[in-house]
1. If you go through segment 39-47 one residue at a time, do you hit one that is loosely packed, with under 10 Cβ neighbours inside 10 Å and among the β-branched types (Val, Ile, Thr)?
2. In segment 70-87, is there at least one residue being of a type outside the set (S, T, N, Q) and modelled with pLDDT of 50 or more?
3. Only residues in segment 25-40 that are within 18 Å of Met1 (Cα to Cα) count as the first member; pair them with residues that are part of a helix (DSSP H, G or I), Cβ under 7 angstrom, at least 6 apart or cross-chain, and list the lot.
4. Ala31 passes all but one of (1) under 20 Å from the mean Cα position of the chain (by Cα); (2) outside any helix (DSSP H, G or I); which number fails?
Amino acid sequence: MHLNREYVYDGKQYELEKLFVIRDITDENAAVIQDVRDLIRDERKVLAKPTLPDVKPEASAQTPSAANSTTSATSRCRSTTLLKMTGPNCLHV
């Protein structure tokens, strides 16, 4: 679902069926769906271990300016489509 950029409000009443466009994107995201499934499987393997791995923060996480960097969050995304689906913070499930 997304906004219809061509919709013009007449000043009286919103026509929501014209304001929003609904489109099925399941087929377009089949690869992303598989990527998410793979990520979840990998995460479950890590969580099933008796001890968690010792993961050091990246150097960019050590400085306050890293929060403003577009590369810190986006570079960790395995798929640009996944990034589009989840926003600039690239939610990993």
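The values are calculated or read from the model by the stated rules, or taken from the named source; none is laboratory data. Values in this document were obtained by computation on a predicted structure and should not be read as measured data. When we count neighbours, we look across all protein chains shown, and the Cβ atoms used for this are built from the backbone with ideal geometry, even at glycine.
1. Among the residues of segment 39-47, not one is loosely packed, with under 10 Cβ neighbours inside 10 Å and among the β-branched types (Val, Ile, Thr), which makes the answer no.
2. Step one: list which residues in segment 70-87 are of a type outside the set (S, T, N, Q), which gives 73, 76-78, 82-85, 87.
If we keep only those that are modelled with pLDDT of 50 or more too, we end up with none.
No - not one qualifying residue is present in segment 70-87.
3. Final answer for the pair search is Asn29/Thr81; Val32/Thr81; Val32/Leu82; Val32/Met85.
4. Looking at each condition in turn, Ala31 falls short on (2).
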